[in-house]
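Report on the structure given below.
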Amino acid sequence: MSIKNGILLMFKNGDDNVLVLAKAMLALMIGFILSIICGFILIPLLKKNKAKQTMSIFLKEKHKKKEGTPTMGGFIFIIPTILTVIILLLTNKIEWSNNLLIILFVFLSYGLIGFIDDFLIIKRKNNIGLTEFQKIVGQLVIALITFYLLMKSGHEPQLYIYSLGIKIHMAWFYGIFLLFILVASSNAVNITDGLDGLAGGLSLIVFLALGLITWNTGWLLGHEEIAIFCFILVGSLLGFLFYNTYPAKIFMGDVGSLSLGATMAIIAVLTSHEVTFIIMAGIFIVETLVCIIQMASIMIRHKKVFLMTPLHHHFEKLGWEERDIVKVFWVIGLILAMIGVLFAVWI
């Protein structure tokens, strides 16, 4: 290569990097602005229609002042994210792909399950929405459709651990694996959604990391569009946190938590970074494991291991302030996300 060609290539790569950064910032900015507007409109509407959160009897003493706070706040980041994607598609800023379709399908379908659950809870004025069986059936149907779409788009049914160079071909068992990771991730975020700003902030961090990782997966069809989707959602979640941080004006609800968890999982699957995802979603996983350990201990030993589950409520029982718990969990989540990005992109 001549010096002249080398210089031209350097400038071209520099221009591409600037364009990538510009697209990411545009996506984040539009998502943020639309979510702020959406929250400004939606919160009064939910209050007017009495879409209020019913507190658990175990939390009423500590969270008494939160009684009556509107729920279904997930719409504050779901609606802007979808609108922004449509705007960017119509203006030819991003291109349509089968992989983007899969992500949008999971994002909306899990949001629908959460919406039905939230709606029933509000209607019945208690914490009883969909039964566990109904949720599993709904998630099973979504997982089967997602599996079909993945296979149709040419996604290989295998688990690939890049850093170790290991490929595990799973054949039809991949469908069961997909169901497990979607259900586990969606419910993990749902379990973590118990303090103001906790699940929203941790989700923002994970999606930011996923966006950076996805932009590096040049082999994936539509990888830039998927990364931009992640950055749109980061901006929308930032706008949501404007209303959801302590003291929260609105709660996320199942419509938001189920949607976020499943979408994280499907992006990790599409980019073949399932193992990395375990690192980045460490807080969500620990919160879930704590609940499993508590239930197992009560069933076998008839004793509690933790004062209360999920883990964030255990720290509340120890006397920690809600804002301090959220800050510590955010910091740990950020460290895990950075480790995940290093593991996936650099190491």
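The values are calculated or read from the model by the stated rules, or taken from the named source; none is laboratory data. Please read all numbers here as calculations on a predicted model, not as lab measurements. All Cβ positions, even for glycine, are placed from backbone atoms using ideal geometry, and neighbour counts span all protein chains on display.
Just to be sure I understand the filter: pairs with C-beta atoms under 9 Å, separated by 6 or more residues or on different chains, first member in region 220-234 and in contact (Cβ under 8 Å) with a residue 40 or more places away in the chain and over 10 Å from THR81 (Cβ atoms), second member of a type in the set (Asp, Glu) and surrounded by fewer than 24 Cβ atoms within 10 Å (Cβ to Cβ). Which pairs pass?
Matching pairs, first to second residue: GLY222/GLU95; GLU224/GLU95; GLU225/GLU95.
If THR288 meets every condition in (1) hydroxyl-bearing (Ser, Thr, Tyr); (2) part of a helix (DSSP H, G or I); (3) more than 29 Å from THR245 (Cβ to Cβ) apart from one, which number is that one?
(3)
What about HIS223, is it surrounded by fewer than 23 Cβ atoms within 10 Å (Cβ to Cβ) and at pLDDT 90 or above?
Taking the combined requirement at face value, the residue satisfies it.
Anything in region 133-154 that is surrounded by 17 or more Cβ atoms within 10 Å (Cβ to Cβ) and within 19 Å of ASP117 (Cβ to Cβ)? List them, or say none.
LYS135, GLY138, GLN139, ILE142, ALA143, listed by residue number.
Do you know which residues across region 144-198 are within 19 Å of LEU108 (Cβ to Cβ), aliphatic (A, V, I, L, M) and under 15 Å from the mean Cα position of the chain (by Cα)?
ILE181, LEU182, VAL183, VAL189
Can you tell me which residues in region 155-191 are in a helix (DSSP H, G or I) and loosely packed, with under 13 Cβ neighbours inside 10 Å?
SER163, LEU164, PHE173, ILE176, PHE180
Okay, residues lined up against (1) assigned to a helix (DSSP H, G or I); (2) at pLDDT 90 or above:
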{"site": "LEU83", "(1), (2)": "yes, yes"}
{"site": "LYS93", "(1), (2)": "no, no"}
{"site": "LEU112", "(1), (2)": "yes, yes"}
{"site": "LEU130", "(1), (2)": "no, no"}
{"site": "ILE136", "(1), (2)": "yes, no"}
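Six or more apart or on different chains, Cβ atoms under 8 Å: show the pairs whose first residue is in region 111-136 and over 14 Å from SER259 (Cα atoms) and whose second is modelled with pLDDT of 90 or more and surrounded by fewer than 13 Cβ atoms within 10 Å (Cβ to Cβ).
none
I'd like the full set of residues that are within 23 Å of PHE207 (Cβ to Cβ) and either among the aliphatic types (A, V, I, L, M) or at pLDDT 95 or above (or both), limited to region 289-311.
Scanning region 289-311 gives LEU289, LEU311.
State which residue is surrounded by the fewest Cβ atoms within 10 Å (Cβ to Cβ) when the search covers only region 300-347 and only residues that are part of a helix (DSSP H, G or I) and of a type in the set (Gly, Ala, Ser).
Selected residue: GLY333.
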